[in-house]
1. Could you please give the count of residues in segment 58-76 that are surrounded by 13 or more Cβ atoms within 10 Å (Cβ to Cβ) and either of a type in the set (A, V, I, L, M) or outside any loop (DSSP other than H, G, I, E, B) (or both)?
2. Taking D24, is it among the charged types (D, E, K, R) and at pLDDT below 95?
3. Of all residues in segment 1-33, which are open to solvent by 50 Å² or more (accessible area, probe 1.4 Å) and of a type in the set (G, A, S)?
4. Inside segment 80-91, can you point out the residues that are outside any loop (DSSP other than H, G, I, E, B), within 13 Å of L55 (Cα to Cα) and out of contact with any Lys or Arg (no Cβ under 7 Å at 6 or more places or on another chain)?
5. Considering only segment 36-57, state which residues are open to solvent by 30 Å² or more (accessible area, probe 1.4 Å) and part of a strand (DSSP E or B).
6. If we scan segment 35-42, do we find a residue that is under 20 Å from L90 (Cα atoms), over 11 Å from the mean Cα position of the chain (by Cα) and of a type in the set (A, V, I, L, M, F, W, C)?
7. Restricting segment 1-21 to residues that are part of a strand (DSSP E or B), more than 20 Å from G86 (Cα to Cα) and not aromatic (F, W, Y), which is modelled with the lowest pLDDT?
8. Considering only residues of segment 82-96 that are within 10 Å of I38 (Cα to Cα) and modelled with pLDDT under 90, which is surrounded by the fewest Cβ atoms within 10 Å (Cβ to Cβ)?
Amino acid sequence: MEGTATVVFLQGESDVLTLPLLADTLSRVVACAAGDVIVDLAGAVFIDSATTRTLAVLRELLERQDRRLTLRSPSRMAIRVLDLFGLTELVGVPAG
């Protein structure tokens, strides 16, 4: 937790094989934690479209709860993938 935000760190490759673990983790964060969510992408060497779709769904779920998603420290490759899904506006440093 950082302030009132929960931080989830992605490490290594985040793809269809790791998607069940990511989806489970994010589901728990939405259900059990209060406040905003930060997904730290600094350790992610690869993210695929399934991961990006999951982040888009996370954003929608959080918005329904008046919460915010921030994506932190994405690589250039991650920025390209996020841009394809219209998620680059989520990249930033959350106010805190």
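1. Kept after step one, since they are surrounded by 13 or more Cβ atoms within 10 Å (Cβ to Cβ), are these residues of segment 58-76: 58-59, 61-62, 67-75.
Filter once more, so that each one left must be either of a type in the set (A, V, I, L, M) or outside any loop (DSSP other than H, G, I, E, B) (or both): 58-59, 61-62, 69-72.
Qualifying residue count, segment 58-76: 8.
2. Details: among the charged types (D, E, K, R): yes; at pLDDT below 95: no.
Against the criterion (among the charged types (D, E, K, R) and at pLDDT below 95), D24 does not qualify.
3. Residues satisfying the conditions are G3, S27, A31.
4. Filtering segment 80-91 down to residues outside any loop (DSSP other than H, G, I, E, B) leaves 80-84, 88-91.
Among the residues that remain, those that are also within 13 Å of L55 (Cα to Cα) are: 81-84, 88-91.
Within segment 80-91, V81, L82, D83, L84, T88, E89, V91 meet the criteria.
5. Listed by number, the residues that qualify are A42, V45, F46.
6. Yes, segment 35-42 contains a residue that is under 20 Å from L90 (Cα atoms), over 11 Å from the mean Cα position of the chain (by Cα) and of a type in the set (A, V, I, L, M, F, W, C).
7. Applying the first criterion (part of a strand (DSSP E or B)) to segment 1-21 yields 2, 5-14.
With the extra rule that they be more than 20 Å from G86 (Cα to Cα), the set shrinks to 2, 5-9, 11-13.
Checking which are not aromatic (F, W, Y) leaves us with 2, 5-8, 11-13.
Numbers: E2: 55, A5: 91, T6: 94, V7: 95, V8: 96, Q11: 94, G12: 94, E13: 94.
Taking the candidates together, the pick is E2.
8. Within segment 82-96, the subset within 10 Å of I38 (Cα to Cα) is 90-94.
Among the residues that remain, those that are also modelled with pLDDT under 90 are: 92-94.
Numbers: G92: 11, V93: 9, P94: 17.
Once the filter is applied, the top-ranked residue is V93.
The values are calculated or read from the model by the stated rules, or taken from the named source; none is laboratory data. Note that the structure is a prediction, hence the values are computed from the model and not measured. No Cβ is skipped: glycine too gets one built from the backbone with ideal geometry, and neighbour counts run over all protein chains shown. When the accessible area is computed, the model is the full protein with side chains, heavy atoms only, and any ligands, DNA or RNA have been set aside. Shrake-Rupley method; radii C 1.70, N 1.55, O 1.52, S 1.80 Å.
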